[in-house]
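First the structure, in the form of structure tokens, and then the observations on it.
The values are calculated or read from the model by the stated rules, or taken from the named source; none is laboratory data. This one's a predicted model, so the numbers in the text were calculated from it and none came from an experiment. Cβ sites come from the backbone with ideal geometry, for glycine too, and all protein chains shown count toward neighbours.
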Amino acid sequence: MHKTLEQLYADHIAANPYNSNDDAYWDWYSKPAHELVDATILRGVYSRKQLTELLADFWHNHFNVYFWQDDGVPLLVSYNRDVLRKHMLGNFRQMLEAVASHPSMLYYLNQNNSSDAGPNENFARELFELHTLGAENYLGVQNPNTVEKDANGIAIGYVDNDVYEAARCLTGWRVDDNLGGWEEGIGISGNFIYYKPWHDRFNKIVLGKYIEADQPDLKDGRDVLDLLANHPGTARHIARKLCSRFIADLPPESVIQAAANTFTEFRDAPDQLKRVMETILLSDEFKQSWGNKIKRPMEAAFSVMRALNSDFTRVPSGISWMIGLMGQPIFERRSPDGYADTKEAWANSMSILYRWNISVGIAENWLSNDDQGHTIQTDVLNQTPADVRTATALADFWIQRLLGRNMADADRAAVIGVMAQQYTAEEQLPEDHVRYVLPAMIEVILMSPDFQWK
């Protein structure tokens, strides 16, 4: 987890000590990325910097890279640490270049193979459609000369030709990965390099801006990143996605515009994205946001473990396995659009079923890997005051503990009924009954709509 990008590449790719036909080779190759998954779970449950963890998840979804992308699986550790976490409260333009020049992204969207002889448009298209302007600013297939321009002569949206021209601007952006030893002038550091022999040196036009031929190294690509990072369409797209993540699936236009204005006003500031988040989190719309979003599977699992004070050090494999069964295997979204962030994506029978299963597994301690010594323990009985022993009192204690608010009367009555069973709601319950039934009552609260909303 603390290896530099160069160390990750050298130790796990260039000099992997195992035979490529052995399982040990692939275990060692993917070990850093698997440890990143474990670290993500540990941080999600135990970190006191919960906004940091939410933003790390948001930005990985925004600049999605698939865990098993070809050639660079171990480098996911560096991508998460050196790109997303480093810049997520910083400057978007700096973050954008860090993404565009990191080997994880270069491999994932085939930019590493893009040359003047055959520009690959994969990264350029996602750069426009997902990372910056968004599909909302796509104007379709049309003559770029007919697109409306702003006062500075920049197109108000993008067309397919802009993607093709941007792909030409980015040719030669690749990884220093000459493992076969057949490319002259290329090493095996695993770092980003600008390979001038592959760059399309001729002039281009992107979003109405003329880009001269034979510019200095990297300038064509950086001109594209400048255009996109400073475009008002990007400000609105990023603001809309952040508001959708933190306020509602369809957030009010008022807070989107306020966040976009902040994005634009502080576009040169080193803490631009921090200021955007402050605008969102201090808004009236955010203060009224509870119940507008459903927890995604990863959030649901983490919130169960946090709410129950579950104790673990090394993450049992059953945790990530169960999150995957809920529909969100960590860092394993194959397509570049990232996991969906709407209720419709997660309020389905399979995802809800496995939310129930993980709640039961955590509350009743059956997700440990005893053979590996990776255990997770939850002791709900000892977290319950000894003088709280009626069904009503137990229900009210754990409702407040888990939700921080009252449940509707009918829902509260159902929880009390689960706890009481053959006893009345107000009589003192035998200790054996409490020990046996308490986890089940807690699981009912965890599976209530109240706990699934955020």
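All told, TRP366 falls short of being without any contact (Cβ under 8 Å) to a residue 60 or more places away in the chain, under 21 Å from ARG296 (Cβ atoms) and not small (Gly, Ala, Ser).
Suppose we keep only residues that are of a type in the set (D, E, K, R) and assigned to a helix (DSSP H, G or I) within segment 160-190. Which one would you say is surrounded by the most Cβ atoms within 10 Å (Cβ to Cβ)? Among residues in segment 160-190 that are of a type in the set (D, E, K, R) and assigned to a helix (DSSP H, G or I), the one surrounded by the most Cβ atoms within 10 Å (Cβ to Cβ) is ASP162. Do we find that ASP11 is among the charged types (D, E, K, R) and at pLDDT below 95 in this structure? In short, no.
For (1) in a loop (DSSP other than H, G, I, E, B); (2) closer than 26 Å to SER30 by Cα; (3) charged (D, E, K, R), each residue gets a yes or a no:
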| residue | (1), (2), (3) |
| --- | --- |
| ARG275 | no, no, yes |
| ILE280 | no, no, no |
| ARG306 | no, no, yes |
| VAL315 | yes, yes, no |
| GLY318 | no, yes, no |
| GLY324 | no, yes, no |
| ARG333 | yes, yes, yes |
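Residues ILE256, ILE238, ILE280, ILE193: which one is in contact with a strand residue (DSSP E or B) (Cβ under 8 Å, 6 or more places away or on another chain) and either surrounded by fewer than 16 Cβ atoms within 10 Å (Cβ to Cβ) or of a type in the set (A, V, I, L, M, F, W, C) (or both)? None of the other options fit; the residue is ILE193. Anything in segment 379-391 that is loosely packed, with under 14 Cβ neighbours inside 10 Å, among the hydrophobic types (A, V, I, L, M, F, W, C) and without any contact (Cβ under 8 Å) to a residue 40 or more places away in the chain? List them, or say none. Correct list: ALA386 only. For beta carbons closer than 8 Å, sequence separation of 6+ or different chains, a first residue in segment 43-65 that is free of Cβ contacts under 8 Å to residues at least 60 places away in the same chain and outside any helix (DSSP H, G or I) and a second that is of a type outside the set (Ser, Thr, Tyr) and surrounded by fewer than 21 Cβ atoms within 10 Å (Cβ to Cβ), the qualifying pairs are SER47/GLU53.
Scan segment 39-68 for residues that are more than 11 Å from the chain's Cα centre (by Cα), of a type outside the set (Val, Ile, Thr) and crowded, with 21+ Cβ neighbours inside 10 Å and report the count. So the answer is 1. All of ALA248, ALA259 fail the test of being without any contact (Cβ under 8 Å) to a residue 60 or more places away in the chain and within 15 Å of TRP453 (Cα to Cα), apart from ALA248. A single member of VAL380, VAL415, VAL388 is within 28 Å of GLY327 (Cα to Cα), out of contact with any strand residue (DSSP E or B) (no Cβ under 8 Å at 6 or more places or on another chain) and in a loop (DSSP other than H, G, I, E, B), and it is VAL380. The set of residues in segment 144-180 being polar (S, T, N, Q) and either within 30 Å of ILE193 (Cβ to Cβ) or touching a residue at least 24 places away in the same chain (Cβ under 8 Å) (or both) consists of ASN161, THR171, ASN178.
The listed residues are ILE399, ILE416, ILE376, and the only one of them that is hydrophobic (A, V, I, L, M, F, W, C), surrounded by 14 or more Cβ atoms within 10 Å (Cβ to Cβ) and over 34 Å from the mean Cα position of the chain (by Cα) turns out to be ILE416.
A quick yes/no check of all residues on (1) in contact (Cβ under 8 Å) with a residue 40 or more places away in the chain; (2) over 22 Å from ASN64 (Cα atoms); (3) more than 31 Å from the chain's Cα centre (by Cα):
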position: TYR194; (1), (2), (3): no, yes, no
position: VAL206; (1), (2), (3): yes, yes, no
position: GLU212; (1), (2), (3): no, yes, yes
position: GLN215; (1), (2), (3): no, yes, yes
position: VAL224; (1), (2), (3): yes, no, no
position: ARG240; (1), (2), (3): yes, no, no
